[in-house]
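**Student:** Before I ask anything, here is the structure I am working with.
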Amino acid sequence: MPFFAYKAVNNDGRVIRGTVEKPDIDLAYDNVTSSGLHVLTIQESSSVLDFYTRRLRIWSVKRPEIIEFAKNLSVMVRSGMPLMTSISDMAESVDNRKFAERLHDIKRTVELGSSFSSALGNHNDIFPEIFINLIAVGEETGRLDESLSDIALHLQRMEDLKSAITRALMYPVFALVGTLGALLFWLIYVLPKMSALFTSMDVELPAITQNLILASNFSKNYWYIYILLPLFFYIILVLLSKKEATKYYIDSAKLKLPVIRLIVHNKLLALFAEQLRILMSAGVTIDRSLDIMINVIDNVVFKRALLDTREKIMLGSMVSEALKGHRGLFPNMVMRMIAIGESTGDLNEQLNYLSEYFLDKLDDISNKLGKMIEPLVILVIGGMFMIIILGLLSPIYDLISGIGS
């Protein structure tokens, strides 16, 4: 939806400027006036401004604030407070002004006749799809407080999953950046001084030293390439990921690379078990649950497996049987636990166990990844500096040998 920039006057005569996201200018005008403002001017913003405004709107509201909102609203609704009063109180009490504006807009939209889930759908940049779907189920079943509580638990688990992945990647990234930084320092600042010394001594340089000097001269003259090249590859990777045909091979590679596979695969399994559990606990049918998960999961290989699983379930297969066609993605433990849950009628409990299991496993991987990758990092760093030291010592050794003879 486009953004509309407006200038308005409040009841105190103070000029207010802001933006509102609505399908057309009439709805945008009604939205501003319904908040008690008198519109002076309103017009659609430019596409460039739209892009940055949308990014700023997303970044202005953090996921922990959404989790706290769901938790607190669940408690307030369960205690018997009206939904509108609860949202209004939450909007007045939150510290984030941008989030408060969102909550006021949601309240106004509901007061104009929309459902709570539809009002949240107007802000799907900060409220994930599963949040909106579970609220819709809660409204239909009359269990809104339970849906909000389940949402808070689910989002907290997803936040823990994100934290575990961040911890897992922190050491490799730090080691890689530190190693490349040290290497560039040697090539740009240290080796040129040494090469000038060798030139002044008129020593015949071995091949390894000559290559190091060439690398040093290149790094000194074209140092910016080391910054632009990773950025170039990142842009290419992003562009290729936008096409499903190429994204399939990229996602497939992620599931095969030794260290990355541990993180990506366990993340996908945790996401699968957790989202299926939360959706089925809310009363969503298995086929609809898989539809929602297919839109949420950002891995084409896993997404195609879920599509195939859904088709088999629609034809009458059990969930555990449908997953057997994708043993490379779903371990035997997953199929066994789901089969037990289907036979005992306690599938939610089994999915909850699987979700906690893979989240704990990913957390354990994040704690151990540093020790796992440390030998490789030491080997790479040692190899690079061994080449540098040999390149520096070889001419000195030849010079001393020549003096001795």
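**Student:** Would you point out the residue of the stretch 226-243, among those that are assigned to a helix (DSSP H, G or I) and either at pLDDT below 80 or not hydrophobic (A, V, I, L, M, F, W, C) (or both), that is nearest to Ala215 (Cα to Cα)?
**Tutor:** Tyr226
**Student:** Continuing with this model, one more query. Only one of (1) at pLDDT below 85; (2) more than 24 Å from the chain's Cα centre (by Cα) is not met by Arg102, so which one is it?
**Tutor:** Only one criterion in (1) at pLDDT below 85; (2) more than 24 Å from the chain's Cα centre (by Cα) is unmet by Arg102, namely (2).
**Student:** Would you point out the residue of the stretch 83-130, among those that are touching a residue at least 60 places away in the same chain (Cβ under 8 Å), part of a helix (DSSP H, G or I) and among the aliphatic types (A, V, I, L, M), that is surrounded by the fewest Cβ atoms within 10 Å (Cβ to Cβ)?
**Tutor:** Leu83
**Student:** Still on this model: Just to be sure I understand, how many residues within the stretch 167-187 are among the hydrophobic types (A, V, I, L, M, F, W, C), in contact (Cβ under 8 Å) with a residue 12 or more places away in the chain and within 19 Å of Leu362 (Cβ to Cβ)?
**Tutor:** Summing the residues that are among the hydrophobic types (A, V, I, L, M, F, W, C), in contact (Cβ under 8 Å) with a residue 12 or more places away in the chain and within 19 Å of Leu362 (Cβ to Cβ) in the stretch 167-187 gives 2.
**Student:** Just give me the residues in the stretch 131-166 being surrounded by fewer than 21 Cβ atoms within 10 Å (Cβ to Cβ) and among the hydroxyl-bearing types (Ser, Thr, Tyr), in sequence order.
**Tutor:** Listed by number, the residues that qualify are Thr141, Ser149, Ser163, Thr166.
**Student:** Another one. Name the single residue that is surrounded by the most Cβ atoms within 10 Å (Cβ to Cβ) among those in the stretch 244-261 being at pLDDT 85 or above, in a helix (DSSP H, G or I) and among the aliphatic types (A, V, I, L, M).
**Tutor:** Ile250
**Student:** Quick check on the stretch 237-251. Is at least one of its residues closer than 30 Å to Phe385 by Cβ and touching a Leu at 6+ places or on another chain (Cβ under 7 Å)?
**Tutor:** no
**Student:** Within 17 Å of Met337 (Cβ to Cβ) and touching a residue at least 24 places away in the same chain (Cβ under 8 Å), is that true of Leu262?
**Tutor:** no
**Student:** Could you tell me whether Thr209 is under 30 Å from Pro395 (Cβ atoms), of a type in the set (S, T, N, Q) and in a helix (DSSP H, G or I)?
**Tutor:** Values: under 30 Å from Pro395 (Cβ atoms): yes; of a type in the set (S, T, N, Q): yes; in a helix (DSSP H, G or I): yes.
Considered against the rule, which asks whether it is under 30 Å from Pro395 (Cβ atoms), of a type in the set (S, T, N, Q) and in a helix (DSSP H, G or I), Thr209 comes out as yes.
**Student:** Quick check: anything in the stretch 313-328 under 26 Å from Leu169 (Cα atoms), in contact (Cβ under 8 Å) with a residue 24 or more places away in the chain and surrounded by 15 or more Cβ atoms within 10 Å (Cβ to Cβ)?
**Tutor:** no
**Student:** In addition: What number of residues within the stretch 339-382 satisfy the criterion of being of a type in the set (A, V, I, L, M, F, W, C), closer than 30 Å to Gly181 by Cα and within 25 Å of the chain's Cα centre (by Cα)? I'd like the intermediate steps shown before the answer.
**Tutor:** Taking the stretch 339-382 as the starting set, the residues that turn out to be of a type in the set (A, V, I, L, M, F, W, C) are 339-340, 347, 351, 354, 358-359, 362, 365, 369, 372-373, 376-381.
Checking the rest, the ones that are also closer than 30 Å to Gly181 by Cα come to 362, 365, 369, 372-373, 376-381.
Pick out the ones that are also within 25 Å of the chain's Cα centre (by Cα) and you get 362, 365, 369, 372-373.
Qualifying residue count for the region: 5.
**Student:** Report whether or not Ile388 is part of a helix (DSSP H, G or I), out of contact with any strand residue (DSSP E or B) (no Cβ under 6 Å at 6 or more places or on another chain) and more than 30 Å from Lys247 (Cα to Cα).
**Tutor:** The answer is yes for Ile388.
**Student:** Quickly run through the stretch 131-143 and pick out the residues that are more than 22 Å from Pro64 (Cβ to Cβ) and part of a helix (DSSP H, G or I).
**Tutor:** Ala136, Val137, Glu139, Glu140, Thr141
The values are calculated or read from the model by the stated rules, or taken from the named source; none is laboratory data. Here the structure is a predicted model, which is why all the values come from computation and not from measurement. Cβ: placed from backbone, ideal geometry, glycine included. Neighbour counts: every protein chain shown.
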